[in-house]
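In what follows, a structure is listed as structure tokens, so that the remarks can point back to it.
Derivation of every value follows stated rules applied to the coordinates shown; laboratory data play no part. Quantities reported herein were computed from a predicted structural model and do not represent experimental measurements. A quick note on method: Cβ atoms are made from the backbone with ideal geometry, for glycine too, and the neighbour counts reach across all protein chains shown.
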Amino acid sequence: MMKTVTTNVNGKVLHIETGRVACESSGAVVVTMGETVVMVTAVSTDEKREGIDFLPLTVDFQEMSYAAGKIPGNFFRRDMGRPSEKEMLTSRLIDRPLRPLFPDNYNFETQVIASVLSFDKENDPDPLGILGASSAITISDIPFGGPVGSVRVGRVDSKLIAFPTLEEQEEGDINLIVAGTKEAVVMVEGDGKFVSEDDMLEAIFFGHKSLQPLIDMQIELRESVGKDKRHFIPAEKDEQLKAKVTEIGEPLIKEVLSYGEKMVREKKRSEAINYIMESLKEECEDKGREIKDAVYDLEKRLARHMILKEERRIDGRPFNEVRPIECLVGILPRVHGSALFTRGETQAMVLTTLGTERDEQKIESIYGDSFRKFTFHYNFPPFSVGEAKRLGAPGRREIGHGALARRAILPVLLEKEDFPYAIRVVSEILESNGSSSMASVCGASLSLMDAGVPVKDPVAGVAMGLVSEGDDVAILTDIIGDEDHFGDMDFKVTGTKTGITALQMDIKIDGLKKEIMGKALYQAREARMHILNQMDKAISQSRPEISKYAPRITTINVKPEKVRDVIGPGGKMIRHITLTTGTQINIDDDGKVIIASIEGEGMDKAIEMIKDIVREAEIGKFYLGKVVKIMDFGAFVEVLPGSEGLIHISQLANERVNKVTDILKEGDEVLVKVIDIENGKIRLSRKAALGHSIDDI
């Protein structure tokens, strides 16, 4: 049965249609805003995957090239290759608000595919992807605690806007995606340009209010055409087993939670689990997984009780305390910029490399082709958490953390016109126990300053946590890994001393009050100021010069009509200059010439060669030229590359000259003076240069 529901948000009409396409999926919808169209399908198998203790949910977001009238630029001219960074990030955006709303122990293979079928270069498909995924699952037979609405929030000229256009996103100082249920915000992802905590809080809850009609649409759709939810009974807890695990394990787990050091705690935890399993081996045979689950539940309950009732954290810190910080810069001799940022048991080595315009990353997408001046790569090797695994390509988590750190740093970098370098930052996580992405932000700020990159302000980040039961609420600063696992919120905030530059939030509970979120934001600000003060002790501002190993970049300007002369026929001249001087040269049509070189001597030589090519003759000046052509009435002399002038026979000597060849022949070098320039024609005199030398040039 076909059904379409419609609403109006910020003057824009939004449609959700179902029943026309992809009817063999568990649920399928087409979401349309303007001329942007996103199709989303959801399928869940009937067979349960045994032997797993997680939800096997896969989310894929695809930006089809034909949606923007483009043909893919790769060799095969196909869309279905490795997903782009943007597609991975949007897949994560869709996954994060949906995953917590599936029932416990739902171990059926589930897949959501969101495909951008049409893109009008005005309406952003990302929030439509989240909305479509929730809608497809809501009308399907898949059990789900939604629906979820999503909206992008922008702010232009101090006015908050729901679903801003791409142009408004660029103009604004706030850019967020907010996802939520009817009752609460469940996810926030976005950035700001030095935005205050109050303004960011207002934007988040403006987004939650704006997405309410989108939830009502899904409810209407479900009531009209929704399938009956499949019969699914979550696995019941074995209360007897739970009681036995608690009886044997409670004192052991309490002891585990008394160790503040992560690796010691994990060793003790492993020993406790082995002891409990051995103790229950005979009476609970073949229930190893259930025993481990019961131990996890016991540890979570004890950890939360310790935080809420005893007001004590696992590592003994007060709720608002940041772990000890150490900042080192300039740790590697040949790297352009380097820093080692350590916060507790989390450590990031962050490296900066400067390059030329040729090193910029080309981005091909439905949004159009562009070049990225600043790239940020995040690596998470297995040794950082004491594991031995095969090294592979970065996954969605690594891509997501790198993108968050890039958004955090981007607002403090200068425009290309003011700092013409391509910048690559790499964060190598050497140790991880909570918020390595925020350590990457802090380390990146230090590394950039060490490289001599002029930044507007240093940037720091911190991860906040929340534990909440009834009226008992604890907001935790700088959470460690176990606090993240056992807690109800992961809230990452980055910024300078003047305001927020990026944030990412995932909430696992319903009904988080605005005042609690506000308190978390201000507690994060306190921590950020503390971290920035610690960073200042290592380096408080960018070094006055870039690394001696980084390329030097100089920009000169030539007349646009001279660009052809600098390039030469088929690029012959520019290749000659680069090979002769060892430089890299880029020339724009408007006459801007960017020269990069590791050695100052090569750059000076390249500049001089280009100036020689574009230099124009001036009246009254002397030039050592080359005779290129002999005529009866005079000789043509090349005084500058590409510039020729005429020595009339009367200007060859003080005495009368009968034949030009009596004085000059082709190929001769001759000192001449420019006596006139009219309509671009240069008149030269050898006679006026007699008695002068090359030193007069």
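Give me, ordered by chain and number, the residues 5 or more places off Ser140 or on other chains with an amide H under 5 Å from its own placed amide H.
Lys227
Over 49 Å apart: what share of the alpha carbon pairs of the chain falls there, rounded to a whole percent?
Everything past 49 Å amounts to 31 percent.
Report, to the nearest 10°, how far helix 262-279 tilts away from the longest principal axis of the Cα atoms in the chain, using its own Cα long axis and a range of 0 to 90°.
30 degrees
Charges at C-beta only: +1 for Lys and Arg, -1 for Asp and Glu. How large is the resulting dipole of region 301-442 about its Cα centre, in Debye rounded to 20? Walk me through the intermediate numbers first.
Working: 21 positive and 18 negative charges, 114 e Å.
I would put it at about 540 debye.
For region 170-227, which trypsin sites (Lys or Arg not before Pro) pass both filters: DSSP loop (anything but H, G, I, E, B) and at most 14 other C-beta atoms within 10 Å?
Answer by residue number: Lys227.
Could you sort the peptides 456-466, 425-435 by per-residue average Cβ neighbour count (10 Å cutoff), highest mean leading?
456-466, 425-435
Output the peptides 170-176, 544-550 sorted from most to least packed, where packing is the average of other Cβ atoms within 10 Å over each peptide's residues.
So the peptides 170-176, 544-550, ranked by packing, come out 170-176, 544-550.
Round to the nearest 0.05 the FRET efficiency obtained for Asp297 and Asp588 when R0 = 60 Å and r is the Cβ-Cβ distance.
Numbers: r = 63 Å, r/R0 = 1.05.
Computed FRET efficiency for Asp297 and Asp588 comes out at 0.40.
Enumerate the calculated ³J(HN,Hα) couplings along region 77-92 in order (Karplus 6.51 cos²θ - 1.76 cosθ + 1.60, θ = phi - 60°), each rounded to whole Hz, writing x wherever the residue is Gly or Pro.
Whole-Hz 3J(HN,Hα) from phi for region 77-92: 6, 10, 7, 8, x, 5, x, 6, 4, 4, 5, 4, 5, 6, 4, 5.
In region 239-308, if the dipole is taken from +1 on Lys/Arg beta carbons and -1 on Asp/Glu beta carbons about the Cα centre, which of Ser258, Ser279, Ile291 is farthest to the positive end?
Ser258
Any idea what the dipole of region 622-696 comes to, in debye rounded to 20, about its Cα centre with Lys/Arg Cβ at +1 and Asp/Glu Cβ at -1?
About 180 debye.
Out of residues 5 or more away from Phe61 or on other chains, whose amide H comes under 5 Å of its own, with H placed 1.01 Å from N in the peptide plane?
For Phe61, the qualifying residues are Ser91, Ala114.
Using the Cα centre of region 485-643 as the reference point, and only Cβ charges (+1 on K/R, -1 on D/E), how large is the resulting charge dipole? Debye, rounded to the nearest 20.
Numbers: 24 positive and 22 negative charges, 73 e Å.
Dipole about the Cα centre, nearest 20: 340 debye.
Positive end of the dipole of region 110-266, charges at C-beta (+1 Lys, Arg; -1 Asp, Glu), about the Cα centre: which of Gly180, Ser210, Ile113 has its Cα farthest in that direction?
Ile113
Using amide H atoms built in the peptide plane, which far-off residues or other-chain residues are under 5 Å from Leu684 H to H?
Leu646, Ile647, His648, Ile675
With θ set to phi - 60° and the Karplus curve 6.51 cos²θ - 1.76 cosθ + 1.60, what are the ³J(HN,Hα) couplings of region 662-674 in order, to the nearest whole Hz, using x for Gly and Pro?
Residue by residue, region 662-674 yields 5, 10, 10, 9, 4, x, 5, 8, 9, 7, 10, 10, 7 Hz.
For helix 572-581, report the angle its Cα long axis makes with the longest principal axis of the Cα atoms of the chain; keep it between 0 and 90° and round to the nearest 10°.
Helix 572-581 sits at roughly 80 degrees to that axis.
Excluding same-chain residues fewer than 8 positions from Lys492, which lysines have a Cα within less than 19 Å of its Cα?
Cα-Cα hits under 19 Å: Lys193, Lys508, Lys513, Lys514, Lys519.
Along Cα→Cβ, 7 Å out, is where each label goes; now give me the distance between the ones at Lys267 and Glu167 in nm to one decimal.
Using points 7 Å along Cα→Cβ, the separation is 6.3 nm.
How about region 649-688: which trypsin sites (Lys or Arg not before Pro) there lie in a loop by DSSP and see at most 11 other Cβ atoms within 10 Å? Intermediate values should be presented prior to the final figure.
Numbers: sites: Arg656, Lys659, Lys665, Lys673, Lys681, Arg683, Arg686, Lys687; in loops: Arg656, Lys659, Lys665, Arg686.
Qualifying residues, ordered by number: Arg656, Lys659, Lys665.
Using θ = phi - 60° and the Karplus form 6.51 cos²θ - 1.76 cosθ + 1.60, what ³J(HN,Hα) does each residue of region 55-61 get, whole Hz, x for Gly and Pro?
Result, rounded to whole Hz: 7, x, 9, 10, 10, 10, 10.
Can you give the direction-averaged projected area of the convex hull of the alpha-carbon atoms in region 526-652, in nm²?
Its Cα hull, projected and averaged over all orientations, spans 12.9 nm².
Calculate how steeply helix 239-256 sits against the longest principal axis of the alpha-carbon atoms of the chain, using the helix alpha-carbon long axis, and give the answer as 0 to 90 degrees to the nearest 10.
50 degrees
What lysines sit close enough to Lys626 to cross-link, taking a C-alpha to C-alpha distance under 20 Å and skipping anything fewer than 8 places away on the same chain?
Lys611, Lys659, Lys665, Lys673, Lys681, Lys687
Among Tyr623, Pro147, Phe486, flag the residue with its Cα farthest along the positive direction of the charge dipole of the chain, charges on Cβ as +1 for Lys/Arg and -1 for Asp/Glu.
Comparing the listed Cα positions along the dipole, Tyr623 ranks first.
Add +1 for every Lys or Arg and -1 for every Asp or Glu among the other residues with Cβ under 11 Å from the Cβ of Glu122, and state the total.
Value of the local net charge: -3.
Could you sort 571-579, 397-405, 416-424 so that the peptide with the highest average Cβ count within 10 Å comes first and the rest follow in order?
397-405, 416-424, 571-579
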